[in-house]
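Visitor: Questions regarding the structure given below will be posed in turn.
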Amino acid sequence: TQLLEQSPQFLSIQEGENLTVYCNSSSVFSSLQWYRQEPGEGPVLLVTVVTGGEVKKLKRLTFQFGDARKDSSLHITAAQPGDTGLYLCAGVMNRDDKIIFGKGTRLHILP
Amino acid sequence: DTGVSQDPRHKITKRGQNVTFRCDPISEHNRLYWYRQTLGQGPEFLTYFQNEAQLEKSRLLSDRFSAERPKGSFSTLEIQRTEQGDSAMYLCASSQTGWGTDTQYFGPGTRLTVL
């Protein structure tokens with residue numbers, strides 16, 4: 001059973017388009033993190049959201065934590081080829097617990 | 001200290017051989033985690049340490065796997081009698097408790113190929 005479901009699994013779009021990636025669960029998380037992973041490298045943390053309803057922006061990336069702290073979304077505006085990569089969401093159920101990862105969304109931005 | 005480091009970055013071995021990987025965490029971090037990631041999947045938790053104590057082990061960690069963190073700094077992950085199904089990326093991460101959300105910082109991983 002996958003605790004965190006990410007959708008879509010794969011996404012290939014043209015440069016300049018907007019996109020949204022979703023991360024859903026039936027479980028409540030104390031915090032949720034988004035990572036980006038390049039081939040052959042470890043995941044790199046993009047953002048951590050903690051409060052239900054929280055929205056954080058990182059340049060063209062907007063992250064939102066659901067009100068009930070069960071889901072999250074990542075929206076990219078005007079996607080660029082440099083955004084290509086594997087985007088992973090990861091939830092922490094409490095401060096002392098391990099992180100549960102989703103399977104990731106593999107994003108490919110075509111120039 | 002520039003981050004979490006792992007050694008080696010790549011390891012190719014024959015089935016039945018033993019392998020050992022090393023992880024050096026960020027120096028002030030007291031927690032160290034091991035994950036395994038196979039193609040098309042997110043990282044799966046294997047085990048973690050707080051200082052030198054191993055606090056939790058996943059059921060994914062069979063008897064052939066052992067991890068140590070003897071002095072509460074670097075850690076080693078050993079796989080005995082490797083099997084082809086052990087082929088994966090092995091990731092290490094570290095964090096410091098008490099800093100809010102327990103953010104984990106990952107190393108570059110060790111890619112294991114078992115022939």
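The values are calculated or read from the model by the stated rules, or taken from the named source; none is laboratory data. Remember, predicted model here, so these are calculated numbers, not experimental data. Every residue, glycine among them, receives a Cβ derived from its backbone with ideal geometry; neighbour counts consider all protein chains shown.
Visitor: For residues that are within 14 Å of chain B (Cβ to nearest Cβ), β-branched (V, I, T) and over 13 Å from the mean Cα position of the chain (by Cα), tally how many sit in segment A:16-66.
Guide: Residues that pass the stated criteria total 2.
Visitor: Counting only residues that are among the charged types (D, E, K, R) and not in a strand (DSSP E or B), how many does segment B:41-56 have?
Guide: First, pick out the residues of segment B:41-56 that are among the charged types (D, E, K, R): B:44, B:52, B:56.
Still in the running and not in a strand (DSSP E or B): B:52.
Final tally of qualifying residues: 1.
Visitor: For segment B:81-89, indicate whether the set of residues that are within 14 Å of another protein chain (Cβ to nearest Cβ) and either at pLDDT below 95 or not in a strand (DSSP E or B) (or both) is non-empty.
Guide: Our first condition is that a residue be within 14 Å of another protein chain (Cβ to nearest Cβ); within segment B:81-89, this holds for B:88-89.
Among the residues that remain, those that are also either at pLDDT below 95 or not in a strand (DSSP E or B) (or both) are: none.
There is no residue in segment B:81-89 that is within 14 Å of another protein chain (Cβ to nearest Cβ) and either at pLDDT below 95 or not in a strand (DSSP E or B) (or both).
Visitor: Within segment B:90-108, how many residues are of a type outside the set (G, A, S), at pLDDT below 95 and assigned to a strand (DSSP E or B)?
Guide: Here the count works out to 2.
Listed here are the residues, each with its yes/no results for (1) at pLDDT below 95; (2) assigned to a strand (DSSP E or B).
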| position | (1), (2) |
| --- | --- |
| B:T2 | yes, no |
| B:Q6 | no, yes |
| B:K11 | no, yes |
| B:G16 | no, no |
| B:F21 | no, yes |
| B:E28 | yes, no |
| B:W34 | no, yes |
| B:L60 | yes, no |
| B:D63 | yes, no |
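Visitor: Here is a follow-up. What's the number of the condition B:N18 fails, among (1) out of contact with any strand residue (DSSP E or B) (no Cβ under 8 Å at 6 or more places or on another chain); (2) loosely packed, with under 15 Cβ neighbours inside 10 Å?
Guide: The number of the failed condition is (1).
Here's the yes/no breakdown for (1) of a type in the set (V, I, T); (2) touching a residue at least 12 places away in the same chain (Cβ under 8 Å); (3) at the interface with another protein chain (Cβ under 9 Å from one of its Cβ atoms):
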site	(1), (2), (3)
A:R69	no, yes, no
A:H75	no, yes, no
A:P81	no, yes, no
A:A90	no, yes, yes
A:I99	yes, yes, yes
A:G102	no, yes, yes
A:I109	yes, yes, no
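Conditions (1) under 27 Å from A:L46 (Cβ atoms); (2) within 8 Å of chain A (Cβ to nearest Cβ), marked per residue:
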residue	(1), (2)
B:E28	yes, no
B:L46	yes, no
B:R59	no, no
B:S94	yes, no
B:F106	yes, yes
B:R111	yes, yes
B:L115	no, no
